[in-house]
Amino acid sequence: MTKKRKRQEDFQKVKLKVGKKKPKLENATDTTFKTKAIQIPEQLKEDGVLPTQNRKLNIKDLLSQMHHYSPGVKHNALLGLKELLSQYPFVIDAHLSSIISEVAAVFTDKDSGVRGAAVHLLQFLASKIRAEQIAPFFPLVSAHLSSAMTHISEGIQEDSLKVLDVLLEAYPALLTDRSIILLKNFVELISHQQLSKRLKSRDKLSWMLSVNPNRRVTSQQWRLNVLTRLKKFLQAVVDGTSDTEDEGLQEQKDNSHSVRNPICISWKLHANNQQHIQLFESGGLRPKINSSFRLRSLTSVMDSAEKGLSSAENLKGFIEIIIPLLIECWIEASPAQSAPILGNLLESESQQLMQQVLSIIHLLWKLTKRHDETYKMELWLRMNYLVDFKHHFMRHFPYSLQDTVKHKKKDSCKSNRNCMKSSNNVDHLLLNLTLCDIMVSLASASTLQTDSGWLDMIRKFVTDTLQDGSKLNSKQVNRLLGVTWRLMQIQQNKVTTEPLIKAVYTLYQQRNLLFPVRTLLLKFFSRVYQKEDLRTQRMRSRSKVLSRWLAGLPQQLALLGLKNPELSNQLIDIIHSAASRSNKELLQSLQATAARIYDPLEGTLVLLPAEAQRRLVQLVYFLPCLPASLLACLSRCCIMGRMSSDLAATLIGILHMR
C-alpha cells in the first residue's frame, strides 16, 4: 500500500445523507442527568406545628417582616401579629421576648401608620400579659419609650404619649420605677434648657417654654396633652407609695405614727375572769420618737437617681424645674391674657390647662408630705412659692367657666349677654377646690395675720359653695370638707369656725343627698365633735350647731329604719360615741325617741340585723331614765322573739346593772 492511500484512509470525509441524523462525535460529553426529591419529615414537622394566620404566615415569618424596609410590610406584619395572637393566645408566652422587643422597636418608626398599629398591638398585649411576665423586659420598653419621647420628629413625640397612656393604664408600678428619666422627658417635651444670664456657670441651667410651629396642634393644646400625662404619672407615683391617703377629709390625720389594733371583748368572759385584757399591748399604740436616728435600710445603698421621687433631694430638684414652667403655662391661660374684660371667666381649653397645672402642684405637695422632714419641706415651699401663687393664682379667684353659645342661622345675637354666659354646671368647682387645697396647705396658725387676706377669700368661697351644694358629688364634697377642716385647724376660735360648721350643716339638712355624700358629712361632724370634746374639757364652749346636729341623730335613726342599714349603723356608732361621753343634748333626744326606736312592731331595733340590734341594746345603759312604757316595749321584744336569746340575756344584764 502506498503512503498516499494510507493517508487518505486516515482522513476520510464522512458524507452526510439527507434525512439521516448527524452521527455523534467520539469526544462528545453526555449532558443528560436524572433527579430525585429528598424529603426530611422532621424538618418540615417543626414549621407545621406553628399556627398561622389567614395569609399562612406564622409567628417567625411575621416577626422577620418587622425588619423590612417597606412601611406597608411592617404595617401588615403588625396587623397579622394582632390577628394571630388573638386566635392563638398561647403563642404569646412562647415568644414573649421576641414580640416585646420587636413591637417596642417600632415606637420610633418614621411611618405614622406603623406607629399607630404598634400602639394598637401594645394595647392588645397589655390585656393579655401580666405585670410579673413583662417585668424582665420592661427596661427595654422604657428605653424605647424614652427614645420616642425625646425624638426630633414631632409625630413620634405625639405617638409616644399614646404609648405612655397604655403603659400607665396597665403597668403603673413598673413605669414609676423609672420616674427620674421619664420626668426629665416630660420637661423636655414642653421646654428647653437655657443658660442662666446671671450665672454663666454650667451648673446653673434654667428652663423656658418652647414653641414649635411645625406641630399639628397649638402650643397650648400640646402642653395640655403633655401635662395631662404628667398628672397621670404623678398620680401613679402617689398611689404607689406605701402610705397611701385619700384626698380631702381623709387626708388629715391627727397622728400618723399611731396604729390601733381593735380587740373583741366578751363581757361574759371578762366578768367571769376568763378573758384578761392587757391594756397597753392590746391598744396597739406605738410611741412617737422624736429622734433623727434611723437604722439603715436596704434602699439606703441605692443611688439617688434610682430612688426617684422618694428622695427628698430629687423631689426638690424636680419642683424647682417644673413649678416655674407651670406658672408660665398658667399665665398664658389666665383670664388677664385671654380677655381682660371678662374678669375671672375661663374658656374650656384654658380651664383644662389650669386644672392640670394645679393638679400637678397638688400631687407634688402630697409627695412632700411623705418625707420625715415634713415641716421643713412645707416651710421651704412657702418661702419659695407663696408670693408667686398669691400673685398669679389668687388674682382672679374664684374662677368660673365661660360658655360660648352657638347661634343658629335664624337667630341673631341680639345682645352681648346672650353671646357669652357663665356656665351653670360645676365643672369649674374642681379648679377652685384644688387651688384652695394648695393655698391652705401653705398656711398655719403662726402665719395667720400675714395670710388673712387670701384666707378670707377661700373661707367665703367654701362657705358659699357648701350652702348651695345640692348638686355636689362625693368627690367635690370630700375636697370641700378637707379644706374646711384645714381652715378650722388654722384658726381655732368660735368666731371663724362656727360659720363653717353652720355651712356644712346647711348642706347636711338638704334632702335626697347621695349616700356617699351623707357618709362624708357624718364622718366630718363626728370628727369635729371628738376634737371639740377634747378641747372643751379645758374650756367649756360648745358649738351650738354641733349640739343641734347631735340632738337630731336619734330622730333620724328612728325615721331611717331599714331603708339604709349601712347608714343606720353609722348613726348608731356616732350616737354610741356621744352617749358614752355623756353628751346632754344627745341623751335628752335619745330619751325622747326611745319609745319609737324600741317599738316591738315597727321600731328600729326589730328591723335592723343582729349586730345593729346589739349596739342598740347597749344604748339602753346610757338612757337617763327607764320609764315603765319603755320597759314594757323591751319586754315585748323579748317575748315576741324579735331578738335572739343571747341578746335578751344581755338586755336583762344591762337592766340589772341599772
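The values are calculated or read from the model by the stated rules, or taken from the named source; none is laboratory data. This is a predicted model, so every value here is computed, not measured. Please note: Cβ atoms are built from the backbone with ideal geometry, for glycine as well, and neighbour counts cover all protein chains shown. Quick note on the areas: whole protein, heavy atoms, side chains included, nothing else; ligands and nucleic acids left out. Shrake-Rupley method; radii C 1.70, N 1.55, O 1.52, S 1.80 Å.
Structural remarks
- Of all residues in region 644-656, those that are in a helix (DSSP H, G or I) have Cβ atoms under 9 Å from Cβ atoms of residues that are at pLDDT 85 or above and surrounded by fewer than 12 Cβ atoms within 10 Å (Cβ to Cβ), 6 or more apart or on another chain, in 647/610.
Residues are listed down the side, and each one gets a yes or a no for (1) in the same structural domain as residue 385 (by the TED database); (2) among the aromatic types (Phe, Trp, Tyr); (3) crowded, with 16+ Cβ neighbours inside 10 Å:
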site: 471; (1), (2), (3): no, no, no
site: 483; (1), (2), (3): no, no, yes
site: 512; (1), (2), (3): no, no, no
site: 515; (1), (2), (3): no, yes, no
site: 524; (1), (2), (3): no, yes, yes
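- Within region 333-360, the set of residues being at pLDDT 85 or above and not polar (S, T, N, Q) comprises 353, 354, 357, 358, 360.
- Qualifying residue in region 618-629 (condition: free of Cβ contacts under 8 Å to residues at least 24 places away in the same chain, of a type outside the set (A, V, I, L, M, F, W, C) and assigned to a helix (DSSP H, G or I)): no
- Residue match in region 556-579 (condition: closer than 22 Å to residue 522 by Cα, of a type in the set (Lys, Arg) and modelled with pLDDT under 85): yes
- Looking across region 162-186 at every residue that is of a type in the set (Val, Ile, Thr) and under 16 Å from the mean Cα position of the chain (by Cα), the one that is surrounded by the most Cβ atoms within 10 Å (Cβ to Cβ) is identified as 176.
- Yes/no for residue 602 being charged (D, E, K, R) and within 30 Å of residue 631 (Cβ to Cβ): yes
- Single residue of 367, 363 found to be open to solvent by less than 30 Å² (accessible area, probe 1.4 Å), within 18 Å of residue 237 (Cα to Cα), at pLDDT below 90 and assigned to a helix (DSSP H, G or I): 367
- Matching entry among 634, 590, 586 (being in a helix (DSSP H, G or I), more than 30 Å from residue 524 (Cα to Cα) and open to solvent by less than 60 Å² (accessible area, probe 1.4 Å)): 634
- Number of the condition not met by residue 226 [criteria: (1) at pLDDT 55 or above; (2) open to solvent by less than 70 Å² (accessible area, probe 1.4 Å); (3) more than 15 Å from residue 326 (Cα to Cα)]: (3)
- Matching option when the condition is of a type outside the set (Gly, Ala, Ser), surrounded by 16 or more Cβ atoms within 10 Å (Cβ to Cβ) and on the phi < 0 side of the Ramachandran plot, among 152, 100: 100
Each row is one residue, and each column tells you yes or no for (1) touching a residue at least 40 places away in the same chain (Cβ under 8 Å); (2) part of a helix (DSSP H, G or I); (3) in contact with a Phe, Trp or Tyr (Cβ under 6 Å, 6 or more places away or on another chain).
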residue	(1), (2), (3)
51	yes, no, yes
56	no, no, no
69	no, no, no
72	no, yes, no
91	yes, yes, no
123	yes, yes, no
139	no, yes, no
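- Of the residues 378, 306, the single one that is at pLDDT below 85, buried (at least 16 other Cβ atoms within 10 Å of the Cβ) and either assigned by the TED database to the domain that holds residue 217 or part of a helix (DSSP H, G or I) (or both) is 378.
- Criterion: surrounded by 21 or more Cβ atoms within 10 Å (Cβ to Cβ) and of a type in the set (A, V, I, L, M, F, W, C) - qualifying residue of 107, 124: 107
- All positions within region 467-482 that are at pLDDT 90 or above and in contact with a Lys or Arg (Cβ under 9 Å, 6 or more places away or on another chain): 481
- Whenever a residue of region 441-458 is surrounded by fewer than 19 Cβ atoms within 10 Å (Cβ to Cβ), its partners that are of a type in the set (Val, Ile, Thr), lying with C-beta atoms within less than 9 angstrom and at least six residues away or across chains, give the pairs 444/490; 445/490; 447/490; 448/490.
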